[in-house]
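S.K.: Here's a structure for you.
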Amino acid sequence: MAADLRNATGADVRAACRRGELTTPTPGLALGFVQANLVVLPREWAFEFLLFCQRNPKPCPLLDVTEPGDSEARFVARGSDLRTDLPAYRVWKNGELVEEPTDISRHWRDDLVSFVIGCSFTFENALLAASVPVRHIEQNVNVPMYRTNIACRPGGRFSGPLVVSMRPLTPGEAVKATKICSRFPRAHGAPVHLGDPAAIGIGDIAKPDFGDPVEIRAGELPVFWACGVTPQAALIQAKPPFAITHKPGHMFLTDVRDVDLDVE
């Protein structure tokens, strides 16, 4: 199924999720369409999370915010249903992960506000077009993601470490990738770190906190981007009584084209 969706539209991917046919990670799917992270919180926690996003635009670039109880991300994917249109979700209670369903309809409430946040999978089409390799797509695995020792700016009750995604590149490819990704600030933009993982608190590059390890070949260095899993680290610390997020790597496909986020 995933291979059939590489040249699909965002709507095609959402439909496959809604039918229960797609439950795997989404890198490389619907190339050219913007992918997004998801955070869903009760209304009483929504303003503080909005503040957290505003203060940390690198890992949390907002693409859409819904009205309470509205499950449609109408500004980026008209006709979508955030309860069914992702491959997999995470349900949190008091900062603890309690379930990873593929449909959250039974958890839905009228007070829930959804935040649709930009994702680095968006700029991967531009990297591939420029012959910059994307290793996790090559190896057909999820992107590796790591907690760092870089602190986010607090917003209300939300705080925590920056989470990063990693793609191995040669120095020349890293320069090219930096120029390309700088054009996509609403998809995390340019890398935040290149080289030594220990410098940002990553103890073992072969053991990501989320996603899958990928091969780092001779002459390559790890290149790190801010990641939309950062809010999940903040949720663990803030401990809201209830929250829903995407499962890392299992993104929401929008109808927005990646060229629409290109600020060049």
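A short reminder: the numbers here are calculations on the coordinates, not readings from a lab. On a predicted model such as this, the values are computed, not experimentally measured, just so you know. Glycine also receives a Cβ, built like all others from the backbone with ideal geometry; neighbour counts cover every protein chain displayed.
S.K.: Please state, rounded to one decimal and in Å, the Kirkwood hydrodynamic radius that the range 1-152 gives when every pair of distinct Cα atoms enters the mean of 1/r.
M.R.: 16.6
S.K.: Could I ask something else about it? In whole percent, what relative contact order does the range 132-226 give with Cα contacts below 8 Å and a gap of six or more residues? Working shown, then result.
M.R.: Working: 164 pairs, mean separation 37.2, N = 95.
Once divided by the residue count of the range 132-226, the mean separation gives 39 percent.
S.K.: Are there DSSP H segments in the chain that both extend 18 Å or more along their axis (alpha-carbon positions) and score a mean Kyte-Doolittle hydropathy of at least -1.0? List them, or say none.
M.R.: On the way: long enough: 43-55 (19 Å, -0.01).
Correct list, ordered by number: 43-55.
S.K.: Let me ask another. Quick check: convex hull of the Cα atoms in the chain, volume per residue, rounded to a whole Å³?
M.R.: Working: hull volume 28.9 nm³, N = 264.
Cα-based convex hull of the chain, divided per residue, equals 109 Å³.
S.K.: Shifting gears a bit: In which sequence would Val76, Val13 go, from the one with the fewest C-beta neighbours within 10 Å to the one with the most? Show your work: numbers first, answer last.
M.R.: Details: Val76 18, Val13 26.
The order, fewest Cβ neighbours first, is Val76, Val13.
S.K.: Going by a 4.7 Å Cβ-Cβ cut-off, which cysteines of the chain have no partner at all?
M.R.: Cys17, Cys119, Cys152, Cys181, Cys227, each lacking another Cys Cβ under 4.7 Å.
S.K.: Further question on the same structure: How about the range 161-226: which trypsin sites (Lys or Arg not before Pro) there are in a DSSP loop, with at most 14 other Cβ atoms within 10 Å of their Cβ?
M.R.: Values: sites: Lys176, Lys179, Arg183, Arg186, Arg217; in loops: Arg183, Arg217.
Qualifying residues, ordered by number: Arg217.
S.K.: For the range 38-108, what percent of Cα pairs sit more than 19 Å apart? Show your work: numbers first, answer last.
M.R.: Numbers: 1019 of 2485 pairs.
Summing the P(r) of the range 38-108 above 19 Å gives 41 percent of all pairs.
S.K.: Mean residue ellipticity at 222 nm from the helices of the chain, using -39,500 (n - 2.57) per DSSP H segment of n ≥ 4 over the full residue count, to the nearest 500 deg cm²/dmol? Provide the component values of the computation, followed by the final result.
M.R.: Details: 6 runs with 52 residues, N = 264.
Roughly -5500 deg cm²/dmol at 222 nm, from the helical runs in the chain.
S.K.: Please count, across the chain, the pairs of lysine residues with Cα atoms under 23 Å apart that sit 8 or more places apart or on different chains. Numbers along the way, then the final one.
M.R.: Numbers: Lys58/Lys176; Lys58/Lys179; Lys58/Lys239; Lys58/Lys247; Lys93/Lys239; Lys93/Lys247; Lys207/Lys247; Lys239/Lys247.
Count of close lysine pairs: 8.
S.K.: Which one of Arg14, Arg167, Arg78 has the biggest mean-square fluctuation once the chain is modelled by GNM with Cα springs under 10 Å?
M.R.: Arg78
S.K.: If neighbour count is taken as other Cβ atoms inside 10 Å, put Val164, Val141 in order from fewest to most. Each step should come with its number before you reach the end.
M.R.: Values: Val164 31, Val141 17.
So the residues, fewest neighbours to most, are Val141, Val164.
S.K.: Eigenvalues of the Cα gyration tensor times 5, then square-rooted: what semi-axes does that give for the range 132-226, in whole angstrom, largest first?
M.R.: Details: eigenvalues 95, 53, 31 Å².
Its equivalent ellipsoid spans semi-axes of 22, 16, 12 Å.
S.K.: Please report Arg157, Arg19 as a ranked list, fewest other C-beta atoms within 10 angstrom at the top and most at the bottom.
M.R.: Working: Arg157 15, Arg19 9.
In order of increasing Cβ crowding within 10 Å: Arg19, Arg157.
S.K.: Which log10 I(q)/I(0) values does the range 190-243 give at q = 0.15 Å⁻¹ under the Debye formula, counting every alpha carbon as one identical point scatterer?
M.R.: -0.55
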